[in-house]
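Asker: Once you've had a glance at the structure underneath, I'll fire off some questions.
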Amino acid sequence: MDDVRRWRVPGRVNLIGEHLDHNGGAVLPIAIDRSLLVKARGRTDGIVNVWSRGERASFPVDVSPDDVTDWSAYVAGAVWALRAAGGDVTGADLVLESDLPVGAGLSSSAALTCGVVLALDDLAGIDRPREETARIAQAAENDFVGTPTGLMDQYAVLLAQEGHAVRVDFSAPEPSVEHVPVDWADAGLVLAVIDTGAHHQLAAGEYAERRRECAEVATALGLESLASIGLDGLLSLQDETLKARARHVLTETTRVRGAVTSLRRRDWAQFGAMLTSSHESLRDDFAVSCEELDVAVDAALASGALGARMTGAGFGGSAIALIAPDKVDALRARLEAAHAARSWPDPEVFTVRPSPGAARLA
Ligand code: GLA
């Protein structure tokens, strides 16, 4: 009998709504057709073994934060968080296979933590709501690995539907989800991902710093979360840095609304303009872009993209561009030349389709 459970979990790109999940706003990611496959077989001896990219790690199911600090911390964190949520984990052999680049800002970590929780629940015969799985996976990242991320990535990779973006609204304690059809392919367009290859060390510290800055403004204005800020609140701010952060949150919230409307109207010029405007706001006001991402966006626009922006937390990782397929080669060539001129490693440029969220394979 085949007692191996197989779960395929996609990566994601966020179309728009950046740094809004931790500010109580709405985000609009898609799951992509690059994914992680988790193969899991149960054990009864309380040991978890995991194999990935030719390496192996092992730890006991009662692992604690600080026990594991290498690449397998996300797996150990998922085991730890699942047990903390009452999950029944008796041990497992896990084999990971992936065509989702790690460190590219495409949520390989959410795919991993969600995939491990899904596979271990499956071995235990548990079928829990995806929203609960998302929170467990988030706890693995926040409380075990120690990265203070929001819930967008987990919702995207667990709840997305094929051919749709998933609008997740974090304004209430229980996020609400709406699936928005994405059919730029009918208009002869593709979404290109540009993996810049940059991974700046700043990322984790600056993410936490942005969260702190946003929380400070919200508290000063007496708001539950910053996404509900209005123009009056913005104009009342004296500190220029905090004002810029708040301006990003306010304008990005408006852009998410505009992007959903333009998706529904199939107004690709307008949708593209939202993407580019979002990038400018992340670069100038939220200050989470970097030279590699700015070069990627400039190259995409110069190659005829309707719009382009960084996606994800920032400080490296990937940009996205809405572009005609026959312009992708020119974009790649332009970008490779730009990277070569700066002695940066080659970027990766590939197209992605709005794909389904995590699924169990037969
Ligand atoms: C990372 C985090 C998400 C979100 C984005 C920025 O991907 O994991 O929760 O905050 O950054 O939008």
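The values are calculated or read from the model by the stated rules, or taken from the named source; none is laboratory data. Not measured: the values here are computed from a predicted model. With ideal geometry, Cβ positions are generated from the backbone for all residues, glycine too; neighbour counts draw on all protein chains shown. The area values use the complete protein model at the heavy-atom level, side chains included, leaving out ligands, DNA and RNA. Shrake-Rupley method; radii C 1.70, N 1.55, O 1.52, S 1.80 Å.
Asker: Taking θ as phi - 60°, what are the ³J(HN,Hα) couplings along segment 146-160 by the Karplus curve (6.51, -1.76, 1.60), each to the nearest whole Hz, with x for Gly and Pro?
Answerer: x, 9, x, 6, x, 10, 4, 5, 5, 4, 5, 6, 9, 10, 5
Asker: Just round it to a whole percent: the fraction of Cα-Cα distances in segment 8-130 exceeding 18 Å.
Answerer: 53 percent
Asker: In nanometres, what is the gap between the two model label sites at A208 and D186, each 7 Å from Cα along Cα-to-Cβ?
Answerer: Each label point lies 7 Å from its Cα, and together they span 4.7 nm.
Asker: Highest GNM mean-square fluctuation, the chain, Cα pairs closer than 10 Å: which of D153, D169, D127?
Answerer: Checking each option, the largest mean-square fluctuation is seen for D127.
Asker: Å³ per residue of the Cα convex hull, for segment 259-307?
Answerer: Enclosed volume per residue, from the Cα hull, is 63 Å³.
Asker: Express the accessible area of the chain per residue in Å², computed with a 1.4 Å probe while the remaining protein chains stay in the model.
Answerer: Each residue of the chain exposes 41 Å² on average to a 1.4 Å probe.
Asker: Which distance in Å, rounded to a whole number, links the C-alpha centroids of segment 22-67 and segment 255-283?
Answerer: Value for the Cα centre distance between the two parts: 33 Å.
Asker: Is the chain best put as rounded, prolate or oblate by its Cα gyration tensor, with a ≥ b ≥ c the root eigenvalues, rounded for a/c under 1.5, and otherwise prolate when a/b is larger than b/c, oblate when not?
Answerer: prolate
Asker: Please determine, in degrees from 0 to 90 and to the nearest 10, the orientation of helix 202-221 with respect to the longest principal axis defined by the Cα atoms of the chain, where the helix direction is its Cα long axis.
Answerer: With both axes taken from Cα atoms, the answer is about 70 degrees.
Asker: Given an 8 Å cut-off on Cα distances and at least 6 residues of separation, report the relative contact order of the chain as a percent.
Answerer: Once normalised by length, the contact order is 24 percent.
Asker: Given the options F286, H339, T276, identify the residue whose Cα lies farthest towards the positive end of the charge dipole of segment 182-352 (+1 on Cβ of Lys, Arg; -1 on Cβ of Asp, Glu).
Answerer: Sorting the options by dipole projection puts first T276.
Asker: Assign one of three labels to segment 182-352, namely rounded, prolate or oblate, based on the Cα gyration tensor with a ≥ b ≥ c the square roots of its eigenvalues; rounded applies when a/c is under 1.5, prolate when it is not and a/b is larger than b/c, and oblate otherwise.
Answerer: Since a/c reaches 1.5 but b/c is at least a/b, the shape of segment 182-352 is classed as oblate.
Asker: Order R309, R257, R265, R34 by their accessible area, 1.4 angstrom probe, all chains in place, largest first.
Answerer: R265, R257, R34, R309
Asker: Provide the net charge surrounding T311, with neighbours chosen by a C-beta distance below 15 Å and charges set as Lys +1, Arg +1, Asp -1, Glu -1.
Answerer: Overall, the nearby charge balance is -4.
Asker: What's the angle, to the nearest 10 degrees (0 to 90), between helix 108-123's Cα axis and the longest principal axis of the chain?
Answerer: It works out to around 30 degrees.
Asker: Moving on. What do you reckon, how do W184, W344 stack up by accessible area (1.4 Å probe), largest on top?
Answerer: W344, W184
Asker: Another question, if that's okay. Before rounding to the nearest 500, sum -39500 (n - 2.57) across all DSSP H runs of length at least 4 in the chain and divide by the residue total; then give [θ] at 222 nm in deg cm²/dmol.
Answerer: Counting only the DSSP helices, I get -12500 deg cm²/dmol.
Asker: Let me ask you something else. Restricting to Cα pairs below 8 Å that are 6+ residues apart, what does the relative contact order work out to for segment 110-161? Please round to a whole percent.
Answerer: 43 percent
Asker: Can you give me the % of accessible surface on segment 133-228 that is carbon or sulfur? Probe 1.4 Å, all protein chains present, nothing else counted.
Answerer: Roughly 50 percent, rounded to a whole number.
Asker: To the nearest 20 debye, what is the magnitude of the charge dipole of the chain about its Cα centre, counting +1 on the Cβ of each Lys and Arg and -1 on the Cβ of each Asp and Glu?
Answerer: 660 debye
Asker: Shape call for segment 271-359 from the C-alpha gyration tensor, a ≥ b ≥ c root eigenvalues: rounded (a/c under 1.5), prolate (a/b greater than b/c) or oblate?
Answerer: Because its axes are fairly even, with a/c under 1.5, segment 271-359 counts as rounded.
Asker: Here's something else I'd like to know. Fully extended, how many nm does the chain gain between D346 and V4 (0.36 nm per residue separation, minus their Cα-Cα distance)?
Answerer: Taking 0.36 nm per residue and subtracting the Cα distance, the gain is 119.3 nm.
Asker: Mean-square fluctuation check for the chain, GNM, Cα pairs under 10 Å: which of S64, S303, S109 is largest?
Answerer: S64
Asker: Helix 73-84 against the longest principal axis of the chain: what's the angle in degrees, Cα atoms only, rounded to the nearest 10?
Answerer: 70 degrees
Asker: In addition: In percent, what relative contact order does segment 1-79 have, based on Cα pairs under 8 Å that are 6 or more apart in sequence?
Answerer: In percent, rounded to a whole number, it is 24.
Asker: How about segment 55-99: which chymotrypsin sites (Phe, Trp or Tyr not before Pro) there are in a DSSP loop, with at most 16 other Cβ atoms within 10 Å of their Cβ?
Answerer: Hits after loop and neighbour filter: W71.
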